[in-house]
Amino acid sequence: MKHPMIRSRRMRYGSMTVSLTVTLIAALVLLNVIFTALAGYYSWYIDMTPDKLYSVSDLCRELLDDAIDKAEKNGESVKAEIIFCEDYREYEKGEPGHYIYTTAHELELAYPDHISVTWFDCWLEKSRADELGVTASTNVVLKVEGGDKRVFRQKEFFTFEGGNTTSPVGYDGERMFATTLTSLIGGERPLAVLTANHDEIYFDDTMLYSIINAGYDVLMLDLYYDEIPEDCELLICYNPNNDFVIKDGVSEVSEIEKVENYLAGGGNMMVFLSASSPKLPHLEALLADWGVSFGRKVDEKTGHPFNAMVKDDSVALTADGFTIYGSYVTQGAGAQVTQHLQSAEYTPKVVFRDATVLLAAEGFASAGNATYQKGSRTRVDLFVGSSNAKAYAMGEALPGYEGPLALMSLTTDATTGAQVMVCGSTEYALEDYLESAVFGNNDALLSVMKHMGKEDVLIGLRYKPFSTTNISSITTSQMLRWTLGLSLTPAILILAVSTFVLVRRKYS
């Protein structure tokens, strides 16, 4: 015979409550498991990172849309394949490659007719690996059907700082994919030639990567021995410390003549000098023909010339006043080059460090609005010092330097279409400024490239900094344990409270 308490109404209701609670817990756990599995398989997630690390931005989509539309109008088939060199599901376990895979999958979802994501085992499929150019250090291949391909190491999708290649400070996957896709879709990459025989000193490799990311192939060239290639679209002279050679009875080669012939054919050139650059008479004579000369003071005792430096305490980043924000030229033709930057919601600040003063060369008359004219050539300033800027040399302010002090200029020849940009700061291209997510140095440089005819320059795409320098490494098993723990804890608490209430009611 059953005990009377077991047959009581209170006990039956209590048993029903416990059964419903257990059933509810089981249902919640089952739904969580099912949803987690489906979310992992179909990539159902919301990017809740502060800087939208995973999401493909509207700007990226806009740039890719333009590249795809242009290719299709030219009758080209646009089929790109992002190939992982190992099972990409491995990346879902929380390794750094998870960032890369997620961006690739986002691109596939955004462009299902143009982009596909696949994988193969490079160790088992050796012949395919050789065909794609995959090595032991390769992680990702980006390939266009019937076209070119690019191979990448995982580290190339991240940004590092201070030479540290183990702890990334930001994720650059979106820009890397967008840059490569637009260049591959657009066909052959234009050529940028860097002079290499004048003791050019690069502080780091950031500028080279910026040029490559802008969609150029880069070639280092010794102008004394080699000719500038016919397909060169941009000639860059960065931080030369020895002068260009001319025919002078000793040398039968004139590097200056090679550059002049290149510009006469409508070429484009960028020159980066600074306050520490030595006097380079031959190169400076060439630049004077393009409207640019340099402010200097000569030491009366030694005869040594010192470049005038721009000092501006009102917009300085450093205590000495020589690392400054450049002011955008807001009127005239110079403003048009950087108009899209000035009209942005947040106009990026551009940094010039240890900049020398760019003066108007003899014969170039001011036409107002930071514009100077001589014959068919028009020089416009792009960035200047503020109204408080002063020119300093040998530790003192120089008299006679009036008006805005030019920091970067661009000269165009209306007859040939050639363009020459001069930047008064070599430190402008330091990693701290070009790779910054805050400063606009790289965007300003890209703006000049775009004005020089590089149509598919990706202005505005920057790396996305991590809130910490550690990449999240939570694994799938850890995620499941957290999910079960967070699901079961409330249910167990409810069950415990329910049992406690039932016992108290029984004996009350």
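The values are calculated or read from the model by the stated rules, or taken from the named source; none is laboratory data. The shown structure was predicted, so the numbers you read here are calculated from the model rather than taken from an experiment. Positions of Cβ are backbone-derived with ideal geometry, glycine not excepted, and every protein chain shown enters the neighbour counts. Calculation scope for accessible area: heavy atoms of the full protein, side chains included, ligands and nucleic acids excluded. Shrake-Rupley method; radii C 1.70, N 1.55, O 1.52, S 1.80 Å.
Which condition breaks for residue 181 when tested against (1) touching a Leu at 6+ places or on another chain (Cβ under 9 Å); (2) open to solvent by 40 Å² or more (accessible area, probe 1.4 Å); (3) over 24 Å from residue 428 (Cβ atoms)?
It fails just one condition, (2).
Checking residue 215 against (1) at pLDDT below 95; (2) open to solvent by 10 Å² or more (accessible area, probe 1.4 Å); (3) part of a loop (DSSP other than H, G, I, E, B), only one condition comes out false. Which one?
Residue 215 satisfies all of (1) at pLDDT below 95; (2) open to solvent by 10 Å² or more (accessible area, probe 1.4 Å); (3) part of a loop (DSSP other than H, G, I, E, B) except (2).
Looking at the range 108-122 only, could you name the residues that are over 9 Å from residue 85 (Cβ atoms) and open to solvent by 80 Å² or more (accessible area, probe 1.4 Å)?
Of everything in the range 108-122, those that are over 9 Å from residue 85 (Cβ atoms) and open to solvent by 80 Å² or more (accessible area, probe 1.4 Å) turn out to be 109, 112, 113.
How about the range 100-113: which of its residues are within 13 Å of residue 178 (Cα to Cα) and not in a helix (DSSP H, G or I)?
Correct list: 111 only.
Do the conditions hold for residue 321, that is, is it farther than 18 Å from residue 433 by Cβ, touching a helix residue (DSSP H, G or I) at 6+ places or on another chain (Cβ under 9 Å), assigned to a loop (DSSP other than H, G, I, E, B) and modelled with pLDDT of 90 or more?
So residue 321 does not fit the description; no.
Here's a check for you: in the range 338-357, which residue that is of a type in the set (S, T, N, Q) and not in a strand (DSSP E or B) is nearest to residue 297 (Cα to Cα)?
Result: 338.
Give 207, 269 a once-over and let me know the one that is within 22 Å of residue 376 (Cβ to Cβ), within 30 Å of the chain's Cα centre (by Cα) and touching a residue at least 12 places away in the same chain (Cβ under 8 Å).
Going through 207, 269 in turn, the sole match is 269.
Among the numbered conditions (1) in a loop (DSSP other than H, G, I, E, B); (2) farther than 27 Å from residue 363 by Cβ, tell me where residue 210 comes up short.
Among (1) in a loop (DSSP other than H, G, I, E, B); (2) farther than 27 Å from residue 363 by Cβ, residue 210 violates only (1).
Which residue out of 347, 416 is within 20 Å of the chain's Cα centre (by Cα) and polar (S, T, N, Q)?
347
Give me a count of the residues in the range 343-366 that are without any contact (Cβ under 8 Å) to a residue 40 or more places away in the chain, exposed (fewer than 13 other Cβ atoms within 10 Å of the Cβ) and under 27 Å from residue 275 (Cβ atoms).
2
For the range 424-480, give me each residue that is among the β-branched types (Val, Ile, Thr), open to solvent by 20 Å² or more (accessible area, probe 1.4 Å), modelled with pLDDT under 70 and not in a helix (DSSP H, G or I).
If the condition is that a residue be among the β-branched types (Val, Ile, Thr), open to solvent by 20 Å² or more (accessible area, probe 1.4 Å), modelled with pLDDT under 70 and not in a helix (DSSP H, G or I), then 459, 468, 469, 471, 474, 475 are the ones that fit.
Scanning the range 367-404 for residues that are among the hydrophobic types (A, V, I, L, M, F, W, C), under 19 Å from residue 298 (Cα atoms) and not in a strand (DSSP E or B), which turns out most open to solvent (accessible area, probe 1.4 Å)?
In this case the residue turns out to be 394.
Within the range 284-296, does at least one residue satisfy the condition of being in contact (Cβ under 8 Å) with a residue 60 or more places away in the chain, touching a strand residue (DSSP E or B) at 6+ places or on another chain (Cβ under 9 Å) and on the phi > 0 side of the Ramachandran plot?
Checking the range 284-296: at least one residue is in contact (Cβ under 8 Å) with a residue 60 or more places away in the chain, touching a strand residue (DSSP E or B) at 6+ places or on another chain (Cβ under 9 Å) and on the phi > 0 side of the Ramachandran plot.
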